[in-house]
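Engineer: Once you've had a glance at the structure underneath, I'll fire off some questions.
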Amino acid sequence: MPEQNFILNLSCEDKPGIVAAITTELAANGCNITESNQFWDKQTDRFFMRIAFAAPAETTKEKLEHALTPAVERFQMKVGLSDAARKPRIIAMVSKFDHALLHLLYQIRVGWLNAEVVAIVSNHEDSQKTAEVEGIPYYHWPVTRENKADVEEKLLKLSFEKDADLVVLARYMQILSDNLSNRLFGRIINIHHSFLPSFKGAKPYHQAHERGVKLIGATAHYVTPDLDEGPIIEQETERVTHSMTADDLVATGRDVESRVLARAVKMHLENRVMLNGQKTVVFK
């Protein structure tokens, strides 16, 4: 029989009966649960849950939201219900280094990432040919101190016009304003190199090579006004050795960055990431 697929995310104060209240309503509406994940954070006493389920073809999102309202109000839940059939829409932002962008586009092309890049925005022209090949609109918006606010307003307008679900900073080397970070909170992901000790500024991989690091990596996180300190979604590390050159570290770092960003984007778009204060709950 034809059916529709939905994903339900919820969080609330932990109490007995939460799961029963939700699953009872889903069953009463002829829904069949296909995947279920839950987590209780002991520190905050918050309960988090993600349920993927199939519903009869005639079931609408509005009907389900209405059916779940008593449980939502009873437990004062924060709830998100999404249609799993809708392909999420992405705006990708990039500067000169395009490795993370190319990896995202490849994973979409082979079907591992179910998404559509509806626009590529850059402060450089380097990726324009890539956009033309992929048939994606390209917006070249150089950024200066004088026009930065105007560029960010253009980005917000573009996000609205394109009905974008997510903005991905695929090595976009501009610091976003507090205003933009707040307005897009939870809907904008960045990829950042991860080192110990931390190396900031130009050529971080060369700085790491000079200090003889043995481990490099990358962190994908939500963007907040606190630079590179937003809630973490995904991380990965890779061992390096004294025999590797600075260029070897750069190549290794680009590979790790690309993989980590793609996984973070996939988990976000599949509604597997839930914000928990300054942290995240990630149901893999």
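Engineer: Roughly speaking, what is the centre-to-centre gap between the stretch 210-252 and the stretch 12-33 when only Cα atoms are used, to the nearest Å?
Structural biologist: So the two Cα centres are separated by 41 Å.
Engineer: Would you mind counting up the charge near M274? Only other residues with Cβ under 13 Å from its Cβ, with Lys and Arg at +1 and Asp and Glu at -1.
Structural biologist: Neighbourhood net charge equals +4.
Engineer: For the pair Y138/A27, report the inter-label distance in nm, with labels modelled 7 Å from Cα in the Cβ direction.
Structural biologist: Result: 5.6 nm between the two label points.
Engineer: Viscosity 0.692 mPa s, temperature 37 °C: what is the translational diffusion coefficient of the stretch 83-151 from Stokes-Einstein with a Kirkwood Rh over Cα pairs, rounded to a whole number of µm²/s?
Structural biologist: For these conditions, the coefficient is 253 µm²/s.
Engineer: Taking every pair of alpha-carbon atoms in the chain, give the share separated by more than 35 Å as a whole percent.
Structural biologist: Counting every Cα pair in the chain, those more than 35 Å apart make up 26 percent.
Engineer: Which one, N114, N271, N179, has the greatest fluctuation when you compute a Gaussian network model over the chain with C-alpha springs under 10 angstrom?
Structural biologist: Sorting by GNM fluctuation, first place goes to N179.
Engineer: Tell me the GluC sites (Glu not before Pro) within the stretch 114-199 that lie in a loop according to DSSP and have at most 12 other beta-carbon atoms within 10 Å.
Structural biologist: For GluC sites (Glu not before Pro) across the stretch 114-199 that sit outside H, G, I, E and B with at most 12 neighbouring Cβ atoms in 10 Å, the list reads E125, E146.
Engineer: Using only alpha carbon positions, build the gyration tensor of the stretch 47-176, then give the equivalent ellipsoid semi-axes as the square roots of 5 times its eigenvalues, largest first, whole angstrom.
Structural biologist: 35, 19, 13
Engineer: Also, quick follow-up: Treating the stretch 220-271 as a set of equal point scatterers at the Cα positions, no solvent, please give the Debye-formula log₁₀ I(q)/I(0) at q = 0.27 Å⁻¹.
Structural biologist: The Debye formula, applied to the Cα set alone, gives -1.01.
Engineer: For the chain, what does -39500 (n - 2.57) per DSSP helix run (n ≥ 4), summed and divided by total residues, give at 222 nm, in deg cm²/dmol to the nearest 500?
Structural biologist: Result for the chain: -10500 deg cm²/dmol, rounded to the nearest 500.
Engineer: For the stretch 95-249, give me the percentage of DSSP beta bridges that are antiparallel, rounded to the nearest 5 percent.
Structural biologist: The antiparallel proportion sits near 70 percent.
Engineer: Turning to a different aspect of this structure: So what is the orientation-averaged projected area of the stretch 3-83, using the convex hull of its C-alpha atoms, in nm²?
Structural biologist: So the Cα hull casts an average projection of 4.7 nm².
Engineer: Something else about it: Of all DSSP beta bridges in the chain, what percent run antiparallel (nearest 5)?
Structural biologist: Of all bridge pairs located within the chain, approximately 75 percent are antiparallel.
FYI, it's all coordinate maths here, none of it is from the lab. Computed from a predicted structure; not experimentally measured. Neighbour counts run over all protein chains shown; Cβ positions are idealised from the backbone, glycine included.
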